[in-house]
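J.: Structure in structure tokens, see below.
Read-outs throughout are calculated quantities, based only on the coordinates presented, and are distinct from any laboratory measurement. The structure presented is a predicted model; accordingly, all values stated were derived computationally and were not measured. As a convention, Cβ positions derive from the backbone with ideal geometry for all residues, glycine included, and neighbour counts pool all protein chains shown.
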Amino acid sequence: MDTEPIPSPPSEGASPEPSSLTDRLTNVIAAPGEVFEEIKSAPVRASNWLVPLILSAIATAVYICVAFSQPAVLRAMQDQREKAVQKQVASGKLTQAQADQASAAAERFMTPAILKIFGAGGAILASAAGLFLMSVGIWLGLKWCAGTTLDYMKVVEVCGLALVIDVAQKFLRVWLVVWKGNLLATASPTLFMANPSATNRTAVILSMFDVVDFWWLAVLSLGVSKIASIRYRTAAWVTFGVWFGFRIIAVLLTPSQS
């Protein structure tokens, strides 16, 4: 009598089926260790960094459009422009007539609609630049500080997947900017300041201590430790160091009015 063949059990060395992109994006928040362990030896998939980058850029553009719809934010930006112009008048670089002309031109061209268009466009470019710059910094940091050489695009893949947290952060910031009417209203000490300004270096420094940023950096450090096969502490030193280095440079380049 014929019998049906019994399927042989999968060998212990067989690779598990790769998870779907949706599962990977979700598990960056729920179970990041599993995601990074899976992609460690897998070929680089462009979707792992491209899709989160697109989502992050869209979320950032939404945040910019909402922020530039807040009267308090627009009023604060106008006050900063006027203070900057008056500072030039006081230093003799501009006459009062020239200052008045500059203020009138700014009011004519810096409308909410234009701010939203250029702000959203700039946000998309900044999201892409931020991903690749952070990846370069971590790639070099691993090479110089940890003696580990990785495929650059594998680092981009990990940084891209971690951008899922940035998407959540931007929607949190949408709520905060509507509540506080201030661009520096983040999950940081600036939330407790009366009127933090982007031209105040103290406020900008305090905004670096955002608890959501620390969550993102902790997850990113986990991904770096997995793909580089190094201790988490070493990966965290590299990741946090690169991020704070970029932020400190940005603070030094910020024009200060205080």
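J.: I need the per residue convex hull volume for the range 144-258, using only the alpha carbons, in cubic angstrom as a whole number.
T.: 106
J.: Same structure again: Relative contact order, percent, of the chain when contacts are C-alpha pairs under 8 Å separated by at least 6 residues?
T.: 25 percent.
J.: Would you calculate the separation in nanometres between label points at residue 42 and residue 214, each defined as 7 Å from the Cα along the Cα-to-beta-carbon direction?
T.: It works out to 3.1 nm between the two label points.
J.: Sort the range 204-258 into rounded, prolate or oblate with this rule: let a ≥ b ≥ c be the square roots of the eigenvalues of the Cα gyration tensor; rounded if a/c is under 1.5, and if a/c is not under 1.5, prolate when a/b is larger than b/c, oblate otherwise.
T.: Prolate shape, in that a/c is at least 1.5 and a/b is the bigger ratio.
J.: Could you tell me whether the range 24-156 comes out rounded, prolate or oblate from its Cα gyration tensor? Rule is a ≥ b ≥ c as square roots of the eigenvalues, rounded for a/c under 1.5, then prolate if a/b exceeds b/c, otherwise oblate.
T.: Taking the square roots of the gyration eigenvalues as a ≥ b ≥ c, the range 24-156 is prolate.
J.: Additional query: Just 43, 196, 71 to compare: in a GNM of the chain, with alpha carbon springs under 10 Å, which one fluctuates most?
T.: Most flexible of the set in this elastic network: 43.
J.: Continuing with this model, one more query. At 7 Å along Cα-to-Cβ for each site, give me the label-to-label distance between residue 117 and residue 248 in nm.
T.: Spacing of the two 7 Å Cα→Cβ label points: 4.0 nm.
J.: Please give the charge dipole size of the range 45-253, origin at the Cα centre, charges +1 on K and R Cβ atoms and -1 on D and E Cβ atoms. Round to the nearest 20 debye.
T.: For this selection, approximately 220 debye.
J.: Once you charge only the Cβ atoms, +1 for Lys and Arg and -1 for Asp and Glu, what is the size of the charge dipole of the range 30-110 about its Cα centre, to the nearest 20 debye? Before the final figure, lay out each step's value.
T.: Working: 8 positive and 7 negative charges, 72 e Å.
Taking the Cα centre of the range 30-110 as origin, the dipole is about 340 debye.
J.: Still on this structure, please answer the following. By the scheme Lys and Arg +1, Asp and Glu -1, what is the net charge of all other residues having a beta-carbon under 13 Å from that of residue 146?
T.: Its environment carries a net charge of +3.
J.: Quick check: net charge around residue 222, other residues with Cβ under 12 Å of its Cβ, Lys/Arg +1 and Asp/Glu -1?
T.: +2
J.: Any idea how far apart residue 81 and residue 125 come out in nm if each label point goes 7 Å out from Cα toward Cβ?
T.: 1.9
J.: In a GNM of the chain with a 10 Å cut-off on Cα contacts, which of 143, 40, 93 has the highest mean-square fluctuation?
T.: With Cα springs under 10 Å in the chain, the top fluctuation among 143, 40, 93 is at 93.
J.: Let me ask you something else. Compute the length gained on full extension between residue 233 and residue 17: take 0.36 nm times their separation in residues and subtract their Cα-Cα distance, giving the result in nm to one decimal.
T.: This chain segment gains 74.7 nm when fully extended.
J.: Please give the length that would be gained between residue 168 and residue 72 if that part of the chain were fully extended, namely 0.36 nm times their separation in residues minus their C-alpha to C-alpha distance (nm, one decimal).
T.: Net length gain for the segment: 32.2 nm.
J.: Another question, if that's okay. Would you look at the GNM of the chain, springs on alpha carbons closer than 10 Å, and say which of 22, 239, 202 moves the most?
T.: Judging by the Gaussian network model, the answer is 22.
J.: Can you pull out the trypsin sites (Lys or Arg not before Pro) in the range 186-258 that DSSP calls coil and that have at most 11 other Cβ atoms within 10 Å?
T.: 231
J.: Taking the Cα centre of the chain as the origin and placing charges on Cβ (Lys, Arg +1; Asp, Glu -1), which of 89, 78, 236 is farthest toward the positive end of the dipole?
T.: The one lying farthest along the dipole's positive direction is 89.
J.: In the chain, if the dipole is taken from +1 on Lys/Arg beta carbons and -1 on Asp/Glu beta carbons about the Cα centre, which of 49, 136, 184 is farthest to the positive end?
T.: 184
J.: Follow-up question, since we're still on this one. On a straight-distance basis, which lysines could pair with residue 40 in a cross-link, Cα separation under 18 angstrom, same-chain partners fewer than 8 positions away excluded?
T.: The reachable lysines, counting only those whose Cα sits under 18 Å from residue 40, are 143, 154, 226.
J.: Quick test of the membrane-span-like rule: which DSSP H helices of the chain reach at least 27 Å along their long axis (C-alpha atoms) with mean Kyte hydropathy at least 1.0?
T.: Span-like helices here: 46-67, 112-145, 152-180, 232-253.
J.: Leaving out same-chain residues fewer than 8 places away, which lysines sit with a Cα under 29 Å from that of residue 116?
T.: Candidates past the 8-residue exclusion: 83, 87, 170, 180.
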